[in-house]
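As structure tokens, the structure follows; a few thoughts come after it.
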Amino acid sequence: MDKLDKRSRQKLESQMADEVVNAKKGKSEISLNKVISSGVEVLDKVPPPYITGRSAKHTRQRGEEEKTAPIEFSLFAPYIKRAAIQGDFSEWKEQELEKGDDGYFRATFELADGDYEYKFWVESNSPWQLGQWVCVTDPMATEINEMNNDNAVVHVLNGKIVIDQYEWRHSMDPLPPDVELVIYELHVKDFGGSLKGVVDRLDYLSSLGVNAIGLMPVSEFPGETSWGYNPRHFYAVETGYGKSYDLKKLIDECHGRGIRVIMDLVANHGQDETPLAQIDHNYWFKENNTDQFQFGPKFDYNHWDDNLKLFPARKFMNEVAFHWATEFHLDGIRFDATALIDNFDFLHWLGDAVKQANSMKPFYLIAEHLPVDPAIVGFGKPMDGLWHDYFYWQMTANLRESEFSGWQPFDWAKTQDAIEPAREGIIGPTAAVNYISNHDHNRLMFELGTANITGEKAFRKCKLAAAVTMTAVGVPLIWMGEEFGEYWDKSIEPRPLHWGLLENKENSDLFHYYSGLIFLRKTNNSLKTEHIEFFHLDEKNKVLAWKRWDDGGGVVAVVANFSDNALGDYAVPNFPDGEWHEFVFNYDHKVEGGQSVDTIGPSECKIYIKK
């Protein structure tokens, strides 16, 4: 194809652009061949023909000899009468779907490889729009074009539908077992800005030493800012965070660093405009939601379809959980608001199904069940771990040295319950997930400020909190930024971490303190068991001591000073005799006659390892 000089090229480009305008008015015709035969490469200059719903982003260049393959689109909606599909493969003309006896509507199109956008139309069975012809997004869409009316996007490659073209590199890399986990909960936007931004900070997390990430929900939600607990499209990755490829890249890079990924899944409810609610609300959701807090349409896991012999909501959520766990190689799921779901049979069934799909590797199931109910966690129970909110409340009261939302400071019975959750019926080394903060609570540094505890004293309290969290029975969880003294309050508004704090000595020291304790928690077998015994309580000086041990003879003894007073030559009776090494301050310590004598600083924790 001969090239034209600049002046002729500009003239012809202008003529071609005019023809596009005329074509829209029906006064002319324009085609790819006509542009090519003109000898001008102006495809990027000429806007595509406008068809409602089509996105220029997904425009394809199709050749006459392009190969096609039959691609099926389906919609499960057993009790609606009619459904249709429209997309750029049908020039956005509606095409009726054929309904089968299994409750699925289907249609097949001959499609070449490429990206396509589409929407469904249904005769709604939802009470407020009964019988109306309603446009909805595919409830199982794995990608959404949020900028174009929430169109579903499907990718066809080699004659098949694919989610993306990511190639896993670390699928066989070893990962830590549940008993070694130290979880770092993060919000994608506030931690890294995007999924790619989180990948960029993985070396930071590796230096901290955590070996699991707890991702707050990443399913598509409306708008740009959210915690993610208002999922509209359950299968799709939130557009503001990135693509499915980016999430897989993050998880794969985590696995390459020995970091497991546990994702938050919202199974109690959907956002008001979630497609299932628009299609046939009462088939999947409760007609009347009696919950105190109304988060959106509430799934009805007890509704039984006697014709198809299935639980509709259970079927859907099982498919959702299976999608995330298998497609994205997850290592665990945290189920949000299980107390509101209030269906242990369903949760047990769902948990077993997801674990069976991931039987070749460890998979940790966590419940956020408030108020805390031990019946949901443990051997033979629905979940492996339970967010231990009582640990948060009692420890925060102790650290603030004042009443905290009804919890009294230095309630030693409840303090021991928090450190040894078996006292509350939470049995097993991984049954309790302990934290001094999470996304639902203000960070400790903020709460200390509300009690007028600031400066060096506040940092001492933060270190004490970390030491108790890492030596208590259970799986420790860190809320992002806690490890360097982040002070943001709890808010659903953007709260990006103040990374610049790490340039301050006190914040940097706190980070390294956390890092050291995390190393100890991961490598010392005594801290991976459920064995614990309290051997000293001094209510006057606010000192509590306990020991942890393993079956191989290892022992760790912890002496925590919850007061902010220095204790010189402090005697701890009932201390096991022998040679010890103090981990935090790195010195040897000998105990004879069942009594340890040592100096303990204000709000300080000594951790002794049996030699």
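Summary of values
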| read-out | value |
| --- | --- |
| Counted residues, the range 139-178 - those being in contact with a Phe, Trp or Tyr (Cβ under 7 Å, 6 or more places away or on another chain), of a type in the set (Gly, Ala, Ser) and touching a residue at least 60 places away in the same chain (Cβ under 8 Å) | 1 |
| Output for the range 138-184, where each listed residue is over 30 Å from residue 431 (Cα atoms) and of a type in the set (Val, Ile, Thr) | 142, 144, 153, 154, 156, 161, 162, 163 |
| For residue 527: the one exception among (1) more than 22 Å from residue 401 (Cβ to Cβ); (2) open to solvent by 20 Å² or more (accessible area, probe 1.4 Å); (3) out of contact with any Phe, Trp or Tyr (no Cβ under 9 Å at 6 or more places or on another chain) | (2) |
| Pairs, first in contact (Cβ under 8 Å) with a residue 40 or more places away in the chain in the range 565-579, second of a type in the set (S, T, N, Q) and surrounded by 14 or more Cβ atoms within 10 Å (Cβ to Cβ), C-beta under 8 Å, six or more apart | 575/596 |
| Test: residue in the range 421-428 that is within 17 Å of residue 518 (Cα to Cα), open to solvent by less than 10 Å² (accessible area, probe 1.4 Å) and touching a helix residue (DSSP H, G or I) at 6+ places or on another chain (Cβ under 9 Å) | no |
| Matching entry among 505, 490 (being over 24 Å from residue 402 (Cα atoms) and not acidic (Asp, Glu)) | 505 |
| Residues of the range 179-195 satisfying the condition of being in contact (Cβ under 8 Å) with a residue 60 or more places away in the chain and open to solvent by less than 30 Å² (accessible area, probe 1.4 Å) | 181, 182, 183, 184, 185, 186, 187, 190, 191 |
| Filter result (farther than 23 Å from residue 200 by Cβ, open to solvent by 50 Å² or more (accessible area, probe 1.4 Å) and of a type outside the set (D, E, K, R)) within the range 493-522 | 519 |
| Checklist (1) under 18 Å from residue 177 (Cβ atoms); (2) at pLDDT below 95; (3) outside any loop (DSSP other than H, G, I, E, B); (4) of a type outside the set (D, E, K, R) applied to residue 356, failing item | (1) |
| Verdict on residue 350 being out of contact with any Ser or Thr (no Cβ under 9 Å at 6 or more places or on another chain) and either at positive phi or open to solvent by 30 Å² or more (accessible area, probe 1.4 Å) (or both) | no |
| Residue match in the range 525-533 (condition: among the basic types (Lys, Arg) and either over 25 Å from residue 202 (Cβ atoms) or over 26 Å from the mean Cα position of the chain (by Cα) (or both)) | no |
| Top-ranked residue in the range 393-420 [being within 25 Å of residue 177 (Cβ to Cβ) and of a type outside the set (Val, Ile, Thr); ranked as surrounded by the fewest Cβ atoms within 10 Å (Cβ to Cβ)] | 420 |
| Which numbered condition residue 329 misses (of (1) touching an Asp or Glu at 6+ places or on another chain (Cβ under 8 Å); (2) assigned to a helix (DSSP H, G or I)) | (2) |
| In the range 110-133, residue nearest to residue 232 (Cα to Cα) [restricted to those that are part of a strand (DSSP E or B) and open to solvent by 20 Å² or more (accessible area, probe 1.4 Å)] | 121 |
| Helices (runs of 4 or more DSSP H) within the range 196-303 that include 3 or more residues touching a residue at least 12 places away in the same chain (Cβ under 8 Å), farther than 22 Å from residue 151 by Cβ and open to solvent by less than 10 Å² (accessible area, probe 1.4 Å) | 202-208, 244-256 |
| Search result, residues across the range 353-364 that are buried (at least 21 other Cβ atoms within 10 Å of the Cβ) and either of a type outside the set (A, V, I, L, M, F, W, C) or within 15 Å of residue 427 (Cα to Cα) (or both) | 364 |
| Residue within the range 87-94 that is open to solvent by less than 80 Å² (accessible area, probe 1.4 Å), among the aromatic types (Phe, Trp, Tyr) and either modelled with pLDDT of 95 or more or not in a loop (DSSP other than H, G, I, E, B) (or both) present | yes |
| Members of the range 336-347 found to be aromatic (Phe, Trp, Tyr) and open to solvent by 40 Å² or more (accessible area, probe 1.4 Å), listed by number | 344 |
| Evaluation of residue 470 against (1) part of a helix (DSSP H, G or I); (2) open to solvent by 10 Å² or more (accessible area, probe 1.4 Å); (3) touching a residue at least 40 places away in the same chain (Cβ under 8 Å); (4) of a type in the set (A, V, I, L, M) (one fails), failing number | (2) |
| Selected residue (only one of 520, 544, 527, 510 is at pLDDT 95 or above, within 18 Å of residue 445 (Cβ to Cβ) and either among the small types (Gly, Ala, Ser) or in contact with a helix residue (DSSP H, G or I) (Cβ under 8 Å, 6 or more places away or on another chain) (or both)) | 510 |
| Residue 321 assigned to a helix (DSSP H, G or I), over 30 Å from residue 176 (Cα atoms) and open to solvent by less than 20 Å² (accessible area, probe 1.4 Å) | no |
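The values are calculated or read from the model by the stated rules, or taken from the named source; none is laboratory data. For clarity, every value in this text was computed on a predicted model and none was experimentally measured. Here the Cβ is made from the backbone with ideal geometry for all residues, glycine too, and neighbour counts use every protein chain on show. Ligands, DNA and RNA are excluded from the accessible area calculation, which covers all protein heavy atoms including side chains. Shrake-Rupley method; radii C 1.70, N 1.55, O 1.52, S 1.80 Å.
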